[in-house]
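Student: Take this structure, written in structure tokens, and hold onto it; I'll ask about it next.
The values are calculated or read from the model by the stated rules, or taken from the named source; none is laboratory data. Owing to the predicted nature of the structure, the values given are computational and were not obtained by experimental measurement. With ideal geometry, Cβ positions are generated from the backbone for all residues, glycine too; neighbour counts draw on all protein chains shown. All accessible areas refer to the heavy atoms of the entire protein, side chains included, with ligands and DNA or RNA removed. Shrake-Rupley method; radii C 1.70, N 1.55, O 1.52, S 1.80 Å.
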Amino acid sequence: MDLQALKRQESKRKISKGYMWALFCAVFWGIWYLPGTVIWVLNPFDEMYGLLAGKEGEAVSLVVTAVLITAFNALTVMLALMLWNGVLGKYGELVRTLKEFNPCSKWFFLASIFGGPIAILGSFMAMGFIGGAFAAVAALLYPVIGSVLAYYWYGEKISKRAALGILVIILGGITIFGGGLVTELAVGDVPWIGYLGGLMAAAGWGIEGAIAGKGLDISEPDVGLTLRFVGENIIWWIILVPLLAIVGYPMYSFALQAFEPLTLLVLIFAGITFGFCYVCWYKSFPLIGVGRGQGIGNLYGLCAIIFIFLFFGDVPEWTILLGGALCVLGSFIMFTEEPSELETLRGE
Amino acid sequence: MAKNRPIKFRILELFLDKKEHWNYEIVSKIQEEYALKGNYNRDSINFDIIELASGGMLKDVEQRVDEEGIYKKGFLLHKYVITDFGKVRGSDACLRYI
């Protein structure tokens, strides 16, 4: 076979594999909203919510319960990724990367601050107070935050096309948030904490991506992502959960009750889907480019709505459907630039 | 030399001599240095090089068909050179300690 034919064959293989990884990411990410929603009605979390709501009010109760759920989510994601690294034989590389604190692993720990206590906690708050479809679609605003940050921090250019995409995504965001608000303001009962959670998810993931990128481009993503979740576990289990326990919330007694078969099963399901959506996402980037990888990955918003409909029979508000469609359209406009344009976007 | 440092650091360091290198040269050097035997590790290291290239740190400058089976018979061999961005990231990561 001649050189040109081989080149075509190689690039075709790369592209089809890349799209496959990105689609897997969207499916895993979308499925994650199922266990994320179900966990709220399972013991011990529903009991914890009920108990604290009676004593401290619904808002405090929701946030404290969300902390414990997010902490368990981080734990099962880390276990799933550790298993994955074991299968790949990458423990050696894991230790080597962890030791490089200054050039590399500090970025993962920094990213975990924004990813965990802001983005994932916010997602669980939005799922608990408003619903899975809203939580999924609200987070679609993250590329806007990410590209604005990249512009200010490392002078990454925002092309006209990307700016147009950002505009469409923002319109989608206004539809998603505004649509619900209008009806709720009329009734006079607005779940502000759920909306705050939605905004936290978008802002947190945008910031996380911008920071984690600094470490991920010089490390192996399988390893880097695991370290990012090691960082999140330190934040939850060594800092925040003990802190809340000291303040007087019954964190440990409820944490111990989580070891029930059904609850554990749902938590493990959340860990596997969330862990592997990150892995698939990063596997797609070198094959089809970060832009296309993120564009396809953002189809998770639609996947989440479909899975929630299939499993729970919930049809979301038309504003969420329209807003979600606008966000996905915007991310396609933003990310599907010609490769020649993309190559010059970075560094030079 | 960056022994026992993450594999991508070492790959960037090898390219910091600003010369062009074929992927099979780099892959076999890393396999030897890190004692990573077998085809699975070979492909995994090659994927690291592809990731560095897609991150804009290496540039694919030449390809030829592997006729002799020097790496993978009948597949493409790639020659890479470090970019300006790669030099910055590479020296951030590697040279700070030397």
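Student: In debye, nearest 20, what is the charge dipole magnitude of region A:55-107 about its Cα centre with +1 on Lys and Arg Cβ and -1 on Asp and Glu Cβ, if you could check?
Tutor: On the way: 5 positive and 4 negative charges, 52 e Å.
Dipole about the Cα centre, nearest 20: 260 debye.
Student: Let me see the pair-distance distribution of region A:131-208: every alpha carbon pair, 10 Å bin width, integer percents in order.
Tutor: The distribution over region A:131-208 is 18, 45, 26, 10, 1, given as percents.
Student: Can you pull the accessible area of B:R42 for me, 1.4 Å probe, Å² to the nearest 10?
Tutor: 40
Student: Ratio of chain A's C-alpha Rg to 2.2 N^0.38 Å, to two decimals?
Tutor: Against the empirical 2.2 N^0.38 Å value, I get 0.99 for chain A.
Student: How large is the Rg to Rh ratio of region A:87-174 when both quantities use alpha carbon positions and Rh follows Kirkwood?
Tutor: Over the Cα atoms of region A:87-174, Rg/Rh equals 1.09.
Student: Still on this structure: For region A:1-102, how big is the tail of P(r) above 23 Å, as a whole percent of Cα pairs? Show your work: numbers first, answer last.
Tutor: Working: 2968 of 5151 pairs.
That fraction is 58 percent.
Student: Then there's this: Enumerate the aspartates and glutamates that B:K37 could reach by cross-link, defined here as Cα to Cα under 20 Å, with residues fewer than 8 away along the same chain left out.
Tutor: A:E93, A:E220, A:D222, B:E25, B:D48
Student: Also, I was wondering about something else. Grab every C-alpha pair in region B:7-97, bin the distances at 10 angstrom width from 0 up to the longest one, and report whole percents.
Tutor: 17, 51, 28, 4, 0
Student: Taking each full run of DSSP H in chain A as one helix, which ones are at least 24 Å long along their axis (Cα atoms) and have mean Kyte-Doolittle hydropathy of at least 0.5?
Tutor: Answer set is A:58-88, A:160-187, A:192-216, A:261-288, A:318-335.
Student: I'd like to know which of A:L140, A:G198, A:L164 lies farthest towards the positive end of the charge dipole of region A:31-343, counting +1 on Cβ of Lys and Arg and -1 on Cβ of Asp and Glu.
Tutor: A:L164
Student: Could you tell me what fraction of 2.2 N^0.38 Å the Cα radius of gyration of region A:1-51 comes to, as a two-decimal ratio? List each step's numbers first, then the result.
Tutor: Numbers: Rg = 21.9 Å, N = 51, 2.2 N^0.38 = 9.8 Å.
Cα-based Rg divided by the globular estimate yields 2.23.
Student: Have a look at region A:1-38 and report residues whose accessible surface goes down by 40 Å² or more when the remaining protein chains are included, against the chain on its own, probe 1.4 Å, ligands and DNA/RNA excluded.
Tutor: By number: A:L3, A:L6, A:K7, A:E10.
Student: Residues of region B:8-31 with accessible area at least 50 Å² lower in the all-protein-chain context than alone (1.4 Å probe)?
Tutor: By number: B:K8, B:F9.
Student: Can you check how the C-alpha radius of gyration of region A:280-332 compares to 2.2 N^0.38 Å, as a plain ratio?
Tutor: 1.30
Student: Taking R0 as 25 Å, what's the FRET efficiency between A:V60 and A:Q257 from their Cβ-Cβ distance, rounded to 0.05?
Tutor: Once rounded, the FRET efficiency stands at 0.80.
Student: While we're looking at this one, here's another question. For the charge dipole of region B:7-97, defined by +1 on Lys and Arg C-beta atoms and -1 on Asp and Glu C-beta atoms about the Cα centroid, which residue among B:S91, B:Y40, B:I7 has the Cα displaced farthest towards the positive pole?
Tutor: Looking along the dipole axis, the top candidate is B:S91.
Student: Of A:K14/B:K8; A:K157/B:K73; A:K157/B:K72; A:K106/B:K73; A:K157/B:K87; A:K12/A:K99, which sit over 32 Å apart, Cα to Cα?
Tutor: Numbers: A:K14/B:K8 21 Å; A:K157/B:K73 41 Å; A:K157/B:K72 39 Å; A:K106/B:K73 41 Å; A:K157/B:K87 20 Å; A:K12/A:K99 38 Å.
Over 32 Å Cα-Cα: A:K157/B:K73; A:K157/B:K72; A:K106/B:K73; A:K12/A:K99.
Student: Interface size between chain A and chain B, please: total buried accessible area, 1.4 Å probe, rounded to the nearest 100 Å².
Tutor: 2600
Student: If you project the alpha carbons of region A:102-150 onto the principal axes, what extent comes out on each, in Å, largest first?
Tutor: Cα spread of region A:102-150 along its principal axes, largest to smallest: 40, 21, 10 Å.
Student: Continuing with this model, one more query. Report the Stokes-Einstein translational diffusion coefficient (µm² s⁻¹, integer) for region A:63-128, Rh taken as the Kirkwood radius over Cα pairs, at 10 °C with viscosity 1.306 mPa s.
Tutor: This corresponds to a translational diffusion coefficient of 119 µm²/s.
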